[in-house]
């Protein structure tokens, strides 16, 4: 299928299920925050938001291992190296289990200092601790789920990865309503609903892998560490880890800046806006998930023309999504913020924040696809740099420079400026790589 199907059709087949599944996941996050806001209160939204760096770190683990493994699996299948692809899938499972357990335990042992580091005030540290303790206890299932779905997509079965996300998101929403409104479990109930949904989705995923439904063969011998494969997985996945880990670091700086210049209500407003932006970012991540195996397989199969074509289509599609989000958020910010709470202070802060943070949103699609190109081709150094440039080299310095001068608005404006700078750097890297692929094709 990867070799003979048209690029546009193949990208649609692989990215549409991933995009739909991720939209469902993002919708769950929005609904979850709405339930917390309406059922518990604005302080609870702030408490959940303050734990965002923890969630981003575990997402970084699963994504790094999954994308690193998926890139190697796609290139191995393209080159006809079936045994290497099978072994890589086993290493993805092993790494996600081990790292998930280790970092869950470490985080639980240092939970209180972590939350204070993230900027939790005396008002919100209680709900933050309740939420984070449950999430951390079950985060190994989240890491396994994220990594395993990348493996499923690498073999071309994006639809099944979508089903696992459907199950996770749908079950989560139902359990949220039960735990928060009926059982009165508060933010702990929201976290319990999330962990149960992860466990159910993991069970479905392992049913797929272990039941012979995958084209990859899962054997016990493939769980014996192969350090050469592990190093290659981690080298390529380092860029994905860098992007999400940098997002975790960025969230720490944002939270601490918000505490100083806006207080707990500004943290809640940022949490609401972040959920809304993720709703449009997730389908773009879905396109990235479809793009990666096609570009990796085509590169391994010595078809640079197909690499260039899938890049062009990926940029067009993701830019279209970001344009829709930009228009809706600029025209109707009050409608979206009002879904989460009727608090007038949250409404005012949220609408101002949303309009500023989406100023260069139409450029984000290119940046996401462009930086992912180097993951697919196995260019670990370039992929790592582009994945971390926005947060580490641009956003964090801007958060140190702008807020002391422009106060809370300086926090908001740091985001579009960082997005613009990241776009320009990615444009230079991609243009050079496209020229090299063009020469190879000729």
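Read-outs throughout are calculated quantities, based only on the coordinates presented, and are distinct from any laboratory measurement. For clarity, every value in this text was computed on a predicted model and none was experimentally measured. No Cβ is skipped: glycine too gets one built from the backbone with ideal geometry, and neighbour counts run over all protein chains shown.
Values computed for the structure shown
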quantity	calculated
Label-point separation, residue 305 to residue 117 (7 Å along Cα→Cβ), nm	5.2 nm
Folded to 0 to 90 degrees: helix 186-210 orientation relative to the chain principal axis, Cα	10 degrees
Relative contact order of the chain, defined on C-alpha pairs under 8 angstrom at six or more residues apart (%)	25 percent
Percent of Cα pairs exceeding the 29 Å cut-off, where the set is the range 273-424	25 percent
Inter-site label distance for residue 401 and residue 436 at 7 Å from Cα along Cβ, in nm	2.9 nm
Rg [Å, one decimal], Dmax [Å, integer] - the range 50-197, C-alpha atoms	17.4, 58
Paired Rg and Dmax values of the chain, which use every Cα atom, in angstrom	20.9, 66
Gain in span if fully extended, residue 9 to residue 312, counting 0.36 nm per residue against the direct Cα distance	107.7 nm
For the range 28-70: Kirkwood Rh in Å [reciprocal of mean 1/r, alpha carbons]	11.8 Å
Sequence ranges 128-137, 205-214, ranked by mean other-Cβ count within 10 angstrom, highest first	128-137, 205-214
Helix axis angle, 344-357 relative to the chain longest principal axis, alpha carbon, degrees	30 degrees
Calculated [θ] (222 nm, deg cm²/dmol) that DSSP helices of n ≥ 4 give over the chain, each run adding -39,500 (n - 2.57)	-28500 deg cm²/dmol
Extension gain from residue 328 to residue 356, taking 0.36 nm per residue of separation minus the Cα-Cα distance	8.7 nm
Additional length obtainable on full extension of the chain from residue 38 to residue 228, 0.36 nm per residue less Cα span	63.4 nm
Order by protection proxy (mean Cβ within 10 Å, highest first), peptides 291-298, 257-264	291-298, 257-264
